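First up is the structure itself, then whatever we jot down about it.
The values are calculated or read from the model by the stated rules, or taken from the named source; none is laboratory data. Quick caveat: nothing in here was measured; it's all calculated off a predicted structure. Glycine gets a Cβ as well: all are built from the backbone with ideal geometry, and neighbour counts include every protein chain shown. The area values use the complete protein model at the heavy-atom level, side chains included, leaving out ligands, DNA and RNA. Shrake-Rupley method; radii C 1.70, N 1.55, O 1.52, S 1.80 Å.
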Amino acid sequence: MSLDKATVAKIAHLARIKVPEADQDHLAGELSNILNFVEQLNEVDTAGVQPMTSVAPHKLRRRPDAVTDGGIRDAVLLNAPDSAEGFFVVPKVVE
Amino acid sequence: MTDLTKLTMTEALAGMSKGEFTSVELTEAHVRAVEASRPLNAFITETPDQAIAMAERADARRAKGEAGPMNGLPIAVKDLFCTEGFQTTAGSHILEGFKPPYESTVTANLWRDGAVMLGKVNLDEFAMGSSNVTSHFGPVVSPWSQGTLVQRDLAEEGGFLSELTAAVRQPRPVQEWQWTRKLVPGGSSGGSAAAVAARCAMAATGTDTGGSIRQPASFVGIVGIKPTYGRCSRWGIVAFASSLDQAGPMTRTVEDAALMLGSMCGFDPKDSTSVDMPVPDFRAALTGDIRGLKVGIPKEYRVDGMPAEIEKLWQQGIDWLKAAGAEPVEISLPHTKYALATYYIVAPAECSSNLARYDGVRFGLRVEGKDLKDMYENTRAEGFGAEVKRRIMIGTYVLSAGYYDAYYRKAQQVRTRIAQDFEQAYKQCDVILTPTAPSTAFAIGEKMDDPIAMYLNDVFTVPASLAGLPGISVPAGLASDGLPLGLQILGRPFDESTVLRVAGVLENAAGFDALPPFVAARG
């Protein structure tokens, strides 16, 4: 699989990482190399093999759907780059 | 008094319980060693005041007869573990300055048992790397790098600083190390490895996703164990690839590893993958008796281009275990050659998902943009380094519509095959012996422009990670370039006890006692 510039731009956007156009060719080469490397997996016969979802043979535990903590607004906001009146502040989303 | 930084943790515990020295004395010696080791760039954040305060509390507990199993032992914490009120960066610009309002379960367990925090140690950014060169805070230099030491005392220089140091009667040595060739300590737990090998921390926490404890342990000549997936809680550890990440200790002896692992493990309801089973007394497992044990030797681990001396050391390891009464058995792990490719789909896929939370809104770096999406993209472009971006993008691609089945699902199926290989093998043997890494440490700057060459470092550690199995690296000898090489022992799920027992035998037989050229405290 060889990725072109346009695909790299699309992946970058999906990943929400700005990649300047000047870097796209170089990145396309690097990502293509990695994809070529992983394509050796096509040699493995996996017909009827269950995809692994957990290495430990146990069921995920569940807990009651209840609030177990709370009242820690200040701790939650402690590392926010911008906050006001108990909320996170972001650039305007709706015009 | 003997040099306190040369002691193992087990020796230090004995010394403190006999009253030969206090935790404060032990900790002060290590705080000075941390300062002296600054040329290694092993620490991102030093916490000397916290260390002394914790040591004082440890001494008070010991006086009251309430000493925990790790009471008063100064250790370093990989900067991937959240520590309440202390900067936790994951080696990334995007988390620079982040002070978690909570404590990871593993570190909380260690503090509960009396351990003392010297500081937070460097790592590859978000634990992605095998060399510690991807850290935003700069590469760690391996203490095994050759160089010349120039040492002077600040007090000799006159002025305010010398008056200050004279007033507290504490020499402040300044070590300047002229490196002739800077080697990597391995990664991602490179700061942990360097700090323990250079004798500035008695031990350190590490995390292992594809070999990040075992490979650096091999590169710097220390012991590192990754327990079974589920043994240590992942709660409060900055996530990389959640189905693989597992914490473990990095120490100078197998006994110390057993001691510290016992503190780190345990059921945690806050991690849904934490396993609810009792933690054995790992130290009690170190009986030295491995008679009749079957040691699997996987034929697929004889890879092309592996240096002859690694093959030779592996054979030496087989002979040592045989001499101790174990029986080598040739086994086959037929899907070994596909492990790396599987890993480099699964890990990036999980990382792209886990790292989606770094968006400049709730914590960490924010880089403004013309709208919200633009702010996300700018923040992540500036906040993440090249390797992290590469992996996020690979992960985004293999999970995207149209490619999910071809890449991600396929990799998860091969992962099942790899785990089945081990299940089959453990019908014939009790543990598996392999080399830890395909080479000794390389120089900083080498292999940088070829991600695949860098990924090959993990060729022997990744398969067990994919299968969730416990594995340890034990220093086994020096290569012809004078650098350490480790041997790896893998075990059955939750059978760390046998892994440690065999590791102890290997450690005794190897008698590895070489010191790196750079040691923090001399004399």
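A Förster radius of 30 Å combined with the Cβ-Cβ distance from A:ALA66 to B:ARG362 puts the calculated FRET efficiency at roughly 0.80.
Let me spell out the model: positive unit charges on the Cβ of Lys and Arg, negative unit charges on the Cβ of Asp and Glu, origin at the Cα centre of segment B:206-313. What dipole size does that give, in debye rounded to 20? Before the final figure, lay out the partial values.
Working: 12 positive and 13 negative charges, 32 e Å.
With only Lys, Arg, Asp and Glu charged at Cβ, the dipole is about 160 debye.
With a Förster radius of 35 Å applied to the C-beta separation of B:LYS299 and B:GLU20, the computed FRET efficiency comes to 0.10.
The A-B contact accounts for roughly 5000 square angstrom of buried accessible surface, both chains included, probe 1.4 angstrom. Accessible surface area normalised per residue over chain B is 34 Å², counting heavy atoms of protein chains with a 1.4 Å rolling probe.
Protein-only accessible surface at a 1.4 angstrom probe places the residues B:ILE297, B:ILE52 in the order B:ILE52, B:ILE297, largest first.
How crowded by other chains is B:268-275, given as the mean number of beta carbons from other chains within 10 Å of each beta carbon? Mind showing how you got there, number by number?
On the way: counts 0, 3, 2, 1, 6, 6, 3, 3.
Counting Cβ atoms of other protein chains within 10 Å of each residue's Cβ and averaging gives 3.
Interface residues of segment B:381-400, defined as those losing at least 40 Å² of solvent-accessible heavy-atom surface relative to the isolated chain (probe radius 1.4 Å), are listed as B:ARG390, B:MET393, B:ILE394, B:THR396, B:TYR397.
What pairs in A:LYS92/B:LYS370; B:LYS337/B:LYS389; B:LYS294/B:LYS427; B:LYS389/B:LYS447 have C-alpha atoms more than 21 Å from each other? Over 21 Å Cα-Cα: B:LYS337/B:LYS389. Distance from the alpha carbon centroid of segment B:275-344 to that of segment B:204-241 works out to 18 angstrom.
In degrees, nearest 10, range 0 to 90: what is the angle between the Cα axis of helix A:21-38 and the longest Cα principal axis of chain A? Rounded to the nearest ten degrees, it is 70. In chain A, the longest principal axis of the Cα atoms and the axis of helix A:5-14 are about 30 degrees apart.
For A:SER54 and B:ALA284, what is the calculated FRET efficiency with R₀ set at 22 Å and r taken between the beta-carbons, to the nearest 0.05?
Working: r = 30 Å, r/R0 = 1.37.
Calculated value: 0.15.
Only protein atoms count toward the accessible area here, which uses a 1.4 Å probe; on the protein assembly as shown, the carbon and sulfur part of that area reaches 51 percent. Could you tell me how far the Cα centroid of segment A:23-72 sits from the Cα centroid of segment B:441-459, in Å? Centre-to-centre distance over Cα atoms comes out at 23 Å. Using a 1.4 Å probe on the heavy atoms of the protein chains only, list every residue of segment B:413-429 that has 40 Å² or more less accessible area in the complete assembly than in its chain alone. Hits at the 40 Å² cut-off: B:GLN413, B:THR416, B:ARG417.
Please pull out the direction-averaged projected area of chain B, using the convex hull of its alpha-carbon atoms, in nm² to one decimal place. Each step should come with its number before you reach the end.
On the way: hull surface 100.0 nm².
The Cα convex hull of chain B, projected and averaged over all directions, gives 25.0 nm².
The value obtained for the protein assembly as shown, namely the Cα convex hull volume divided by the number of residues, is 181 Å³ per residue.
Over the residues of chain A, compute the C-alpha Rg and express it relative to 2.2 N^0.38 Å. Show your work: numbers first, answer last.
Working: Rg = 22.3 Å, N = 95, 2.2 N^0.38 = 12.4 Å.
Ratio of Cα Rg to 2.2 N^0.38 Å: 1.80.
With only the Cα atoms considered, segment B:210-332 has a convex hull volume of 146 Å³ per residue. Using Cβ point charges alone (K and R +1, D and E -1), the dipole size of the protein assembly as shown about the Cα centre works out to roughly 900 debye.
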